[in-house]
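**Student:** Below you'll find the structure I mean.
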Amino acid sequence: VDLRKLALYTAGLAGAELKNVVNEACIIAAREESKTITQRHLQEGYDKMSMGIERKNNALSDEAKMKTAYHEAGHAVVSMMLENHMELHKVTIIPRGKSLGLTRFLPEEDKMYSMQREEIIDQITSTLGGRAAEMLFINTLTSGASHDIQVATLYARNMVTKYGMSKIGPVAYNANNENNGYGFNIFEMSEGNRKAIEDEVLSIIKSCEERARKILEENKDLVIRMTTALMELETIDAPHVYN
Ligand code: ZN
């Protein structure tokens, strides 16, 4: 087991959650009648703990699988072309929990506590890459992108209302209806501010969406190759992608 890689993979987990990951890995290894627990078992244990149980793909039509494959290839290819993005770890179209597919990344170090503006922008861009691929390659939109949209919006909102990373400036607003920890809400805002914040959030999202679309347009071959590989193999890992 490459512990360093495993640590990156599970960054941010508490001790009890790590224990859970190991426990799940043991169960998976035992079910395979494996005598040892390997890196793959531990990573699957983490996927199971964080995303839910792997579901069988057989029930899905080839068309449904293909939509997921384009979507995930969209996330993966966009991420690969961005300078400040985490490294790609694996792409899969095997459904797990509520999600139809999954693209996982490995942070370079524990990025849970501090991210640069460029990294957040790249993260929003790759998050919107799945939806952008749907539009570009299958000329439709699926509801599967709704979680991505929520994630991208939360990142953009935090940039504007928490991190002072927009033209609004270094002002904190309680725009996510979070408790600020002081038991009272000190950041009420005027209608004017609300509008300015919403405009900023929308402008960040729109420019990231445009970036994702452009990257996919410039790398159509790669998206198609990755989609074909996903249809055949269902899961591809980073060494496969880069070779
Ligand atoms: Zn997605």
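The values are calculated or read from the model by the stated rules, or taken from the named source; none is laboratory data. If you're wondering where the values come from, they're calculated on a predicted model, not measured in any experiment. Positions of Cβ are generated from backbone atoms using ideal geometry, with glycine treated the same way; all protein chains shown enter the neighbour counts.
**Student:** Out of Met86, Met115, Met66, Met80, I need the residue that is touching a residue at least 40 places away in the same chain (Cβ under 8 Å), closer than 26 Å to Met159 by Cα and among the hydrophobic types (A, V, I, L, M, F, W, C). Which one? Before you say what the answer is, go through the steps one by one.
**Tutor:** Working: Met86 fails: touching a residue at least 40 places away in the same chain (Cβ under 8 Å); Met115 fails: touching a residue at least 40 places away in the same chain (Cβ under 8 Å); Met66 fails: closer than 26 Å to Met159 by Cα.
Within the list Met86, Met115, Met66, Met80, the selection yields Met80.
**Student:** Looking only at the range 123-147, filter to residues that are over 12 Å from Ser79 (Cβ atoms) and among the β-branched types (Val, Ile, Thr); which one of those is modelled with the highest pLDDT?
**Tutor:** Here the residue is Ile138.
**Student:** Could you list, in sequence order, the residues of the range 16-36 that are outside any helix (DSSP H, G or I) and among the basic types (Lys, Arg)? Break it down into steps so the answer makes sense when it comes.
**Tutor:** Looking only at the range 16-36, we keep the residues that are outside any helix (DSSP H, G or I), and these are 32-36.
Listed by number, the list holds a single entry, Lys35.
**Student:** If you check every pair at least six apart or on different chains, which have Cβ atoms under 9 Å apart with a residue in the range 192-214 that is closer than 12 Å to Ala133 by Cα first and a residue that is of a type in the set (Lys, Arg) second?
**Tutor:** So the pair list comes out as Glu209/Arg131; Ala212/Arg131.
**Student:** Related question: Sort out which residues of the range 140-160 are away from the ligand (no atom under 12 Å from the Cβ) and either closer than 15 Å to Ser126 by Cβ or buried (at least 16 other Cβ atoms within 10 Å of the Cβ) (or both), and write them in order of number.
**Tutor:** Thr153, Leu154, Tyr155, Ala156, Arg157, Asn158, Met159, Val160, listed by residue number.
**Student:** Find the residue count for the range 128-139, including only residues that are away from the ligand (no atom under 11 Å from the Cβ) and either within 22 Å of Ser207 (Cβ to Cβ) or touching a residue at least 24 places away in the same chain (Cβ under 8 Å) (or both).
**Tutor:** Applying the first criterion (away from the ligand (no atom under 11 Å from the Cβ)) to the range 128-139 yields 135-139.
Restricting the remaining residues to those that are either within 22 Å of Ser207 (Cβ to Cβ) or touching a residue at least 24 places away in the same chain (Cβ under 8 Å) (or both) gives 135-138.
Here the count works out to 4.
**Student:** Contact list please: Cβ distance under 8 Å, first residue in the range 222-243 and at negative phi, second residue assigned to a helix (DSSP H, G or I) and of a type in the set (Phe, Trp, Tyr), pairs at least six apart or on different chains.
**Tutor:** Listed pairs, sorted by first residue: Val223/Tyr70; Val223/Phe137; Ile224/Phe137; Thr227/Tyr70; Thr227/Phe137.
**Student:** I'm trying to understand the selection: among the residues of the range 25-56, which are of a type in the set (Asp, Glu) and over 22 Å from the mean Cα position of the chain (by Cα)? Steps first, answer last, please.
**Tutor:** At the first step, the residues of the range 25-56 found to be of a type in the set (Asp, Glu) are 32-33, 44, 47, 54.
Of everything in the range 25-56, those that are of a type in the set (Asp, Glu) and over 22 Å from the mean Cα position of the chain (by Cα) turn out to be Glu32, Glu33.
**Student:** Could you check the range 37-127 for helices (runs of 4 or more DSSP H) lying wholly inside it with 2 or more residues that are within 20 Å of Ile138 (Cβ to Cβ) and within 15 Å of the ligand (Cβ to nearest atom)?
**Tutor:** 62-80, 117-127
**Student:** For the range 99-139, enumerate the residues that are among the acidic types (Asp, Glu) and surrounded by fewer than 16 Cβ atoms within 10 Å (Cβ to Cβ). Before the answer, list the steps.
**Tutor:** From the range 99-139, those among the acidic types (Asp, Glu) are 108-110, 118-119, 122, 134; that's our starting set.
Listed by number, the residues that qualify are Glu108, Glu109, Asp110, Glu118.
**Student:** Here are the criteria: (1) in contact with an Asp or Glu (Cβ under 9 Å, 6 or more places away or on another chain); (2) closer than 17 Å to Gln123 by Cβ. Tell me which single one Gly97 does not satisfy.
**Tutor:** If we test Gly97 against (1) in contact with an Asp or Glu (Cβ under 9 Å, 6 or more places away or on another chain); (2) closer than 17 Å to Gln123 by Cβ, just (2) comes out false.
**Student:** Write out, first by first residue and then by second, each pair whose Cβ atoms fall under 8 Å of each other, whose residues are 6+ apart or on separate chains, and whose first residue, in the range 22-34, is polar (S, T, N, Q) while the second is surrounded by 14 or more Cβ atoms within 10 Å (Cβ to Cβ).
**Tutor:** Once the first residue is polar (S, T, N, Q) and sits in the range 22-34, its partners that are surrounded by 14 or more Cβ atoms within 10 Å (Cβ to Cβ) give Asn23/Gly45; Ser34/His41.
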